[in-house]
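Written below as structure tokens is the structure these notes are about.
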Amino acid sequence: MQMRRGREWEGLVTCRRKSGDTLHLPSKVIPVAPYARKNEFYVYTSDTHALDRLDFPSSVDQFHPRGSIKSLRKGSYDIRSLNSDGTQNIIRRHSLVKLHSLTIEAPITRVFNIITAAQENSPAYVAQALEKVLEILRSTELYSPQLISAAPDNNKPVPADPVATDLLGGLLSQGPKPLLSGRRSSSDTATKYSQLPRPSLPLLQQQASAGIRELLAEDMSWNFDVIKLEKITDKRPLVWIGMSLMCRFDIPNTLGCDEQTLQNWLTLIEANYHPDNTYHNSTHAADVLQCTAYFLNQDRIKQLLDPLDVASCLIAAVVHDVDHPGKNSAFLCNTDNELAILYNDLSVLESHHAAVSFKHTHSDDRVNIFKALDRDTYKHIRKSIIDMVLATDMTKHLNVHVSQTKNHAALSFQGARDSPDLMSFGTPENLVIIKRMMIKCADVNNPVRPLHLAIDWAHRIANEYFSQTEEEKKRSLPIVMPQFDRTTCSIPKSQIGFIDFFITDMFDAWDALAEIPELMGHLRRNYQFWKEQEEASKNISSQTPPALTANEEESHEEETTKEMTEKSTGEDTSTQKETS
Ligand code: AMP
Ligand code: ZN
């Protein structure tokens, strides 16, 4: 029971000697959870020396394991349950000896000791393998997934494709790499809050131009063109699509707030996205929101989530990148940014997005969409929103979410496939995972969109990365993603790497649960497109022109996007070109 609760267990394990005698071995079991919240491993240790020092009389059979009743002191056996025939004294003495001999050591030191001891009595090949284990354990980056290609010699992993490695490095690295060179500045400030909402808009629907109205009529379609909305709303797509979708999902009714408050809130949140970021701006938030709404509208998902879940998913999508500075968390850590200091280099941006969104929401009653909720409901929805925003941290992508979601989808959905009763899968624990999975997929949905949108987003993210690399170079900072250099980067390669390492597995799992075959079709076609682009660029690489300047490159990229789209779809892409 202790172990199931994730707690240590200490007590006597009853063993039998060859002679048939019973032995009680002081033992300890420690749960270890390196990858997930659930315990996956248990370290079992037993003090065999104690056998020589202390031969327990059979009355110790009456011992209760530690944890089954409250013990007097950590590290000693529970003495209250002993007989008063002298056993108690022996045990008390043993406890005191143990207490005096206690030293303070980290659990990992004990793991080292156990492995080193095991090495001594092991055949050479086992000792060698254990040495490798020790080597890995000594690393300080135990939880940073590394990209390893299969190598002929398993002991010597080789790094994979450098672009993909960079993507992983940039996306997954939490904090600074060891500094090889360079100066660090402590004067950066990533955030400049716009404290006040823009003047409140009149109810939007009545104001919408024919173009906006026409576009928003398609707000639940997978082909929805958020880039076009960005353009015709003068870079304020979030408030428009936010009102349209959140009213469609009856959010004012769920939260008990009026439409005007919702509109004020959307306006304020949108004002705190940075329009100068090429990727992490309010159009990205609008895109993630639109995708979340699309997922929420899928039959299977609809059956599982209640109105409060729906509200929390939409709100999380709206706020999930608010006040993004256009640089990733690793950059903030490398520059000793105040946010990295505040959040101890841990999920820096995601923590900031969650915190700042609540801060703004509570800044004024006119924007407080939660103000009518009772305390418990508010706590519930707040917890759910924070959980989802934190789930967008890509540093947790490989070792937590995807494994969990894959297992989840495999376990729950396969069973659910033929079952008319999907509701039985909606346990509170499963719902948390489903909501995390939903926002994660929505956050990186762009490779799964129709090609012209996928291309546009690929260029937007690449440009944001390029700017970061340029600034890192300028300020002699560690370069987080060296492959994302404007003059040399291959965007098709970056997309192939991104799809291979982040998208395919996650969307496979999500498809198993949400049934989204249309999206999977787009993913396959887009992937094929990037492959063809890469092949084509290999063929012409011998005639590579001299490096372009930043401006030249931008217009070159527009042309490339147009060409790429035309080649693939045969469509006239003049409007796409304008927006790319
Ligand atoms: P977020 O910062 O919350 O948007 O998390 C998603 C991460 O995935 C971001 O760091 C993006 O940089 C990254 N990402 C999204 N789409 C792409 C893409 N098409 N290519 C490469 N990286 C991407
Ligand atoms: Zn995002």
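Nothing in this text is a laboratory measurement; each read-out follows from the coordinates by a stated rule. These numbers were taken from a predicted model, which means no experiment stands behind them. We place every Cβ from the backbone using ideal geometry, glycine too, and count neighbours over all the protein chains shown.
So for segment 429-523, what percent of the C-alpha to C-alpha distances run longer than 16 Å?
Result for the distance tail: 61 percent.
Whole-Hz Karplus ³J(HN,Hα) for segment 245-257, in order, using 6.51 cos²θ - 1.76 cosθ + 1.60 and θ = phi - 60°, x for Gly and Pro?
After applying 6.51 cos²θ - 1.76 cosθ + 1.60, I find 6, 5, 6, 4, 8, 6, 5, x, 5, 4, 8, x, 10 Hz.
Using the number of other C-beta atoms within 10 angstrom as an exposure proxy, rank Ser244, Ser490 with the fewest first.
Ser490, Ser244
Do the alpha carbons of any pairs in Lys28/Lys132; Lys473/Lys493; Lys302/Lys435; Lys383/Lys435 sit beyond 18 Å of each other, and which pairs?
Where the Cα-Cα span goes over 18 Å, the pairs concerned are Lys28/Lys132; Lys473/Lys493.
Return the sequence-ordered ³J(HN,Hα) values of segment 293-301 in whole Hz as given by the Karplus equation 6.51 cos²θ - 1.76 cosθ + 1.60 applied to θ = phi - 60°, using x for Gly and Pro.
4, 4, 5, 4, 8, 6, 3, 5, 6
If you rank Glu120, Glu470, Glu270 by fewest surrounding Cβ atoms within 10 Å, what's the result?
The order, fewest Cβ neighbours first, is Glu120, Glu470, Glu270.
List every residue whose amide H lies under 5 Å from the amide H of Val13, counting only residues 5 or more places away in sequence or on a different chain, with H placed 1.01 Å from N in the peptide plane.
Leu25, Ser27
Long-range amide H contacts for Val43: which residues qualify at under 5 Å (H placed 1.01 Å from N, peptide plane, sequence gap of 5 or more or a different chain)?
Ile30, Val32
Please go through the residue pairs Lys327/Lys396; Lys327/Lys371; Lys235/Lys327 and name each one whose alpha carbons sit more than 23 Å apart in this structure. Walk me through the numbers before you get to the answer.
On the way: Lys327/Lys396 18 Å; Lys327/Lys371 33 Å; Lys235/Lys327 20 Å.
Listed pairs above 23 Å: Lys327/Lys371.
Quick check on packing: order 436-446, 349-359 by the mean number of other C-beta atoms within 10 Å, highest mean leading.
436-446, 349-359
So, how do all the Cα-to-Cα distances of segment 221-309 break down into 5 Å bins, in percent, from 0 on up?
Over segment 221-309, the share of Cα pairs per 5 Å bin runs 3, 13, 24, 23, 19, 12, 5, 1 percent.
What would the Debye equation give as log₁₀ I(q)/I(0) for segment 270-397 at q = 0.19, 0.22 Å⁻¹, counting only Cα atoms as equal point scatterers?
Per q value, in the given order, log10 I(q)/I(0) is -1.15, -1.39.
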